[in-house]
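The values are calculated or read from the model by the stated rules, or taken from the named source; none is laboratory data. Predicted, not measured: the structure shown is a model, and the values here were computed from it. Methodologically, a virtual Cβ is constructed for each residue, glycine included, from the backbone with ideal geometry; neighbour enumeration extends over all protein chains shown.
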Amino acid sequence: MTRGFGLLEPALARLRARKANALIPPGHRQARILDVGCGSYPCFLSHTSFAEKFAVDQVADPGPLAGITWHTLDLNSFPTLPFEDGFFSVVTLLAVVEHVDPESLVKLFQESRRVLGPDGIVILTTPAAWSDRLLHFMAGIALVSQEEIDEHVYAYTLPLIGWYFGRAGFSMEKLRFGSFELGLNFWATAER
């Protein structure tokens, strides 16, 4: 869940979750998933099926969550994930990379790749770069969270996301991209 208030935030979170769930290969659900930047409540993890679920965010642990292990971490200051190599089958970054300083993004992608097992997959969503002005307008009229929009550090394009994945060691042949929500958001996947 996002911090702050936005009338459309619950619906947008559900659309992101639906897109991410559709991109997860069925065989991967028998292992572990890590949701990076899950917000103050791990909505996506609460509504997806995996053998084990892990969450990382800068906000403090919200308390006991059924079947979810929480880690508090500021990814801009310390983009190193506290997990062993090959620990996960899926890493999700849903509406996260726009909050990450470009200087830290390569390291975060490298870490995501490191913690993935063979054939593991990173799934991300991010607002389309061209929608930045629209998002600020929508925040101004309380349709989306002003707090979240104010924390956007950078607006990424799909080619730029691909470049960052490449710098992190992902093969360009194993990247996929697309858009959803009428082109307002991008999705990308990178396979290990």
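Miscellaneous remarks
- Odd one out for Leu158 among (1) within 20 Å of Cys43 (Cα to Cα); (2) of a type in the set (A, V, I, L, M, F, W, C); (3) without any contact (Cβ under 8 Å) to a residue 60 or more places away in the chain: (1)
- Residue selected from segment 59-91 under the condition assigned to a loop (DSSP other than H, G, I, E, B) and among the aromatic types (Phe, Trp, Tyr), by the criterion surrounded by the fewest Cβ atoms within 10 Å (Cβ to Cβ): Phe78
- Within the set Leu23, Leu12, Leu45, Leu7, the sole residue that is within 27 Å of Gly183 (Cα to Cα) and modelled with pLDDT of 95 or more turns out to be Leu23.
- Residue in segment 52-63 that is free of Cβ contacts under 8 Å to residues at least 60 places away in the same chain, among the polar types (S, T, N, Q) and over 23 Å from Thr189 (Cβ atoms) present: yes
- Candidate set from segment 44-58 (those that are assigned to a strand (DSSP E or B) and over 12 Å from the mean Cα position of the chain (by Cα)); member that is surrounded by the most Cβ atoms within 10 Å (Cβ to Cβ): Phe54
- Among residues of segment 92-151, those that are surrounded by 19 or more Cβ atoms within 10 Å (Cβ to Cβ), touching a helix residue (DSSP H, G or I) at 6+ places or on another chain (Cβ under 9 Å) and in a strand (DSSP E or B), counted: 11
- If the condition is being closer than 17 Å to Val90 by Cβ, of a type in the set (Gly, Ala, Ser) and either surrounded by fewer than 16 Cβ atoms within 10 Å (Cβ to Cβ) or under 15 Å from the mean Cα position of the chain (by Cα) (or both), then segment 152-192 contributes Ala188, Ala190.
- Of all the numbered requirements in (1) within 20 Å of Ile121 (Cβ to Cβ); (2) surrounded by 14 or more Cβ atoms within 10 Å (Cβ to Cβ), Tyr41 misses one, and that requirement is (1).
- Taking each residue of segment 7-28 that is acidic (Asp, Glu) and looking for partners that are surrounded by 13 or more Cβ atoms within 10 Å (Cβ to Cβ) and in a helix (DSSP H, G or I) with beta-carbon atoms closer than 9 Å, six or more apart or interchain, yields Glu9/Glu148.
- Tallying residues that are crowded, with 18+ Cβ neighbours inside 10 Å and part of a loop (DSSP other than H, G, I, E, B) within segment 1-38 yields 5.
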